[in-house]
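The values are calculated or read from the model by the stated rules, or taken from the named source; none is laboratory data. In this text, all values refer to a predicted model and were calculated from it rather than measured experimentally. Here the Cβ is made from the backbone with ideal geometry for all residues, glycine too, and neighbour counts use every protein chain on show. Heads up: the accessible areas ignore ligands, DNA and RNA and are worked out on the full protein's heavy atoms, side chains in. Shrake-Rupley method; radii C 1.70, N 1.55, O 1.52, S 1.80 Å.
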Amino acid sequence: TGHGECLPVIIAQGNEDGPCFWMTAGNHGPEQAGPAVLYKLITQELVEQMRGTIVAIPALNPAGLRTMKREPYHAPKDPNRLWPDGKPEKPQDPDKQPPSSLELAYKRLFQEREASADYLIDYHCSWIGSISFAFRDRVLYRDDEDAEEHRAQAEALAATLDEMLRDYGHTIVNEFPVEKYIDEKLHRSTSAAALLLAQVPAFTVELGTGPVPDAAIVSASAAGTRNVMRWTGMLDGDPEPIEGIRIVDAGFPARRRGTPRVDQACAVLHLVEPGDLVQAGDPVAEVRDVWGRPLGDGLLRAEDDGFVMGRSHGIYYYPGNAVLGMAIRDEAPLVAPYPEDFYKE
């Protein structure tokens, strides 16, 4: 139609100087708990109490919001994989699709964010019934002639990020190991671009169901965000308790994985709930054929120790489908160099 696309921006300034905290949501159209958190959080009462500035964008993907789709109709790629990655720009190959208008817009927005942001939280939703949790990105650094300096900076940033996540107070799940992380283009997510390129402490939160937000999760996320603001010095007072949600600690660092996976078409009847701790070998689902008869011994068992982030949707599965989103034991480093060929591609 030739119309212009606008991103709504909320700027809230306290009466005293302080940090600049960016808060973004609505990157995927159906994920509407994030905007709800911002609307609940940013009130006149909060502004009168705070120092510094909030820059909030409740709809990073207006086209997706209008159509309730993850991807905008005018740029059919995951918008949370379109932020700058730090690689040197190359001349446009005429045989390849050029960057979309949305990717170019995010590039300009990133420059504004890099110039002003001291902290960032990006609000998303995982899936129906999942627990509320925060993703912790790996902190990557360039392994070149200044590798030791870069590593020290990355470790300092990782330590600050850990403090920020602890004050948010929800369950923490580490992102994929580096190779998978890069393959999935998660280094180009909203929070990762801020963390890795701008060196801004930033993380992504996942707020359960999106189209019909869970009121308890929305309230708990707003409280967690206020606690982060207290940690930054933007608000006074003691941290608020995080209430109304399940907070899980497996007793070891945990990272995400879709597991276990079925090896044949089947009906799945889950035996575990989001937030449950499981050990390798524990039954997590019954598996049956379409007539309801047990397949094998009738049970699907956990392959890893960890906890259930959420159950996959539906009961009918095809070979290779994961029946759970799990957080499993994470032994990969949280601070690591970029892959050797990252800047050569």
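Here's the yes/no breakdown for (1) open to solvent by less than 20 Å² (accessible area, probe 1.4 Å); (2) closer than 23 Å to Thr209 by Cα; (3) among the acidic types (Asp, Glu):
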{"site": "His3", "(1), (2), (3)": "no, no, no"}
{"site": "Ile10", "(1), (2), (3)": "no, no, no"}
{"site": "Gln13", "(1), (2), (3)": "no, no, no"}
{"site": "Phe21", "(1), (2), (3)": "yes, no, no"}
{"site": "Gly26", "(1), (2), (3)": "yes, yes, no"}
{"site": "Gly29", "(1), (2), (3)": "yes, yes, no"}
{"site": "Gln32", "(1), (2), (3)": "no, yes, no"}
{"site": "Pro35", "(1), (2), (3)": "yes, yes, no"}
{"site": "Leu41", "(1), (2), (3)": "yes, yes, no"}
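Contact map, the range 227-246: residues that are aliphatic (A, V, I, L, M) paired with residues that are in a loop (DSSP other than H, G, I, E, B) and open to solvent by 30 Å² or more (accessible area, probe 1.4 Å), Cβ distance under 9 Å, separation 6+ or inter-chain. Pairs shown: Ile245/Asp214. Scanning the range 2-50 for residues that are within 17 Å of the chain's Cα centre (by Cα) and assigned to a loop (DSSP other than H, G, I, E, B) yields a total of 8.
Can you tell me which of Pro94, Pro88 is within 30 Å of Ile182 (Cα to Cα) and either in contact with a Leu (Cβ under 7 Å, 6 or more places away or on another chain) or modelled with pLDDT of 90 or more (or both)? Steps first, answer last, please.
Values: Pro88 fails: either in contact with a Leu (Cβ under 7 Å, 6 or more places away or on another chain) or modelled with pLDDT of 90 or more (or both).
Exactly one of Pro94, Pro88 is within 30 Å of Ile182 (Cα to Cα) and either in contact with a Leu (Cβ under 7 Å, 6 or more places away or on another chain) or modelled with pLDDT of 90 or more (or both), namely Pro94.
Within the range 43-67, the residues that satisfy the criterion of being free of Cβ contacts under 8 Å to residues at least 40 places away in the same chain, of a type outside the set (Asp, Glu) and surrounded by fewer than 23 Cβ atoms within 10 Å (Cβ to Cβ) are Thr43, Gln44, Val47, Leu65, Arg66, Thr67. With closer than 26 Å to Ala336 by Cβ, among the aliphatic types (A, V, I, L, M) and within 22 Å of the chain's Cα centre (by Cα) as the only criterion, which of Ala147, Ala105, Ala75, Ala117 stands out? On inspection, the qualifying residue turns out to be Ala117.
Would you call Gly292 out of contact with any Lys or Arg (no Cβ under 6 Å at 6 or more places or on another chain), more than 24 Å from Ser132 (Cβ to Cβ), open to solvent by less than 80 Å² (accessible area, probe 1.4 Å) and not in a strand (DSSP E or B)? Yes. Within the range 120-140, if we keep just the residues that are touching a helix residue (DSSP H, G or I) at 6+ places or on another chain (Cβ under 8 Å) and aliphatic (A, V, I, L, M), the residue that is surrounded by the most Cβ atoms within 10 Å (Cβ to Cβ) turns out to be Ile121.
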